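First the structure, in the form of structure tokens, and then the observations on it.
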Amino acid sequence: MPETPEELYERVKDSLRMPPVEEWDTFPFDGEMSPRPLLPPVEKETPRLGEGGVDCRRCQASDDDYIWTTERWRLYALDKPTGLPVVVLLEPREHFADPGDLPEELAEELGVLLGRVERAIRSIGEIGRVHVCRWGDGSEHLHWWFMARPARIPQLIGSFAAIWDDVLPPTPREVWDANVAAVVAALERE
Ligand SMILES: [Zn+2]
């Protein structure tokens with residue numbers, strides 16, 4: 001039997017730990033920190049945006065909103081530059097909620113595309129790593145994040161790159177646009 005959220009909550013709420021973040025080079029913040037109190041479980045999960053494909057903004061978006069499309073997949077860049085050199089997202093054209101919902105044929109294509117997009121972003125140059133992530137708690141329409149982190153700045157490595165993305169000031173528009181163009185060019189060369 002899996003532990004219920006209520007059981008988990010009772011077990012952990014008075015025993016939260018504070019990891020030694022002050023010793024972590026990659027932690028973006030300074031100063032005294034303490035964990036937030038954990039709130040009790042809710043009755044049910046909040047529905048994700050576009051649940052069941054109803055009013056799904058990704059289903060409604062036109063191909064013009066994307067930087068690169070194929071018969072079954074579409075790739076878009078964030079509208080506004082963020083702190084990292086470029087952030088793009090890959091989605092299936094059709095509405096699927098979770099990776100395990102993809103039919104086999106699409107799942108196979110996804111494997112190939114994750115590699116293609118990662119390679120295209122790396123080809124921009126001065127990219128230390130491309131983080132390929134799937135969270136999925138906001139919008140239901142399946143989407144994979146590609147977050148490029150700058151090379152040779154050791155503090156920006158690892159999962160905190162997603163937080164550094166909001167800490168660093170936005171990448172200048174012309175640099176961002178050139179990076180997006182380089183990604184598209186690399187995808188079209190393959
Ligand atoms: Zn959708």
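Coordinate-derived values only; no laboratory data. Please read these numbers as outputs of a predicted model, since none were measured by experiment. We place every Cβ from the backbone using ideal geometry, glycine too, and count neighbours over all the protein chains shown.
See the values below:
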| quantity | calculated |
| --- | --- |
| Asp64 vs. criteria in a loop (DSSP other than H, G, I, E, B) and out of contact with any Ser or Thr (no Cβ under 9 Å at 6 or more places or on another chain) | no |
| Close pairs (9 angstrom Cβ cut-off, 6 or more residues apart or separate chains): in a helix (DSSP H, G or I) in the stretch 122-133, surrounded by 15 or more Cβ atoms within 10 Å (Cβ to Cβ) anywhere | Arg122/Arg129; Arg122/Val130; Arg122/Ala148; Arg122/Ala186 |
| Number of the condition not met by Pro81 [criteria: (1) in contact with a Phe, Trp or Tyr (Cβ under 6 Å, 6 or more places away or on another chain); (2) in a loop (DSSP other than H, G, I, E, B); (3) within 16 Å of the ligand (Cβ to nearest atom)] | (3) |
| Pairs with Cβ under 9 Å, 6+ apart, first in the stretch 1-12 and farther than 11 Å from Leu38 by Cβ, second basic (Lys, Arg) | Glu3/Arg11 |
| Enumeration of residues in the stretch 23-63 that are among the acidic types (Asp, Glu), within 16 Å of the ligand (Cβ to nearest atom) and free of Cβ contacts under 8 Å to residues at least 24 places away in the same chain | Asp55, Asp63 |
| Pick from the stretch 111-129, criterion in contact with a strand residue (DSSP E or B) (Cβ under 8 Å, 6 or more places away or on another chain) and charged (D, E, K, R), ranking: surrounded by the fewest Cβ atoms within 10 Å (Cβ to Cβ) | Glu126 |
| Qualifying position, being within 23 Å of Asp63 (Cα to Cα), out of contact with any helix residue (DSSP H, G or I) (no Cβ under 8 Å at 6 or more places or on another chain) and surrounded by 14 or more Cβ atoms within 10 Å (Cβ to Cβ), among Val132, Val180 | Val180 |
| Top-ranked residue of the stretch 136-163 - restricted to ones that are within 16 Å of the ligand (Cβ to nearest atom) and out of contact with any Asp or Glu (no Cβ under 7 Å at 6 or more places or on another chain), ranked as nearest to Arg122 (Cα to Cα) | Trp144 |
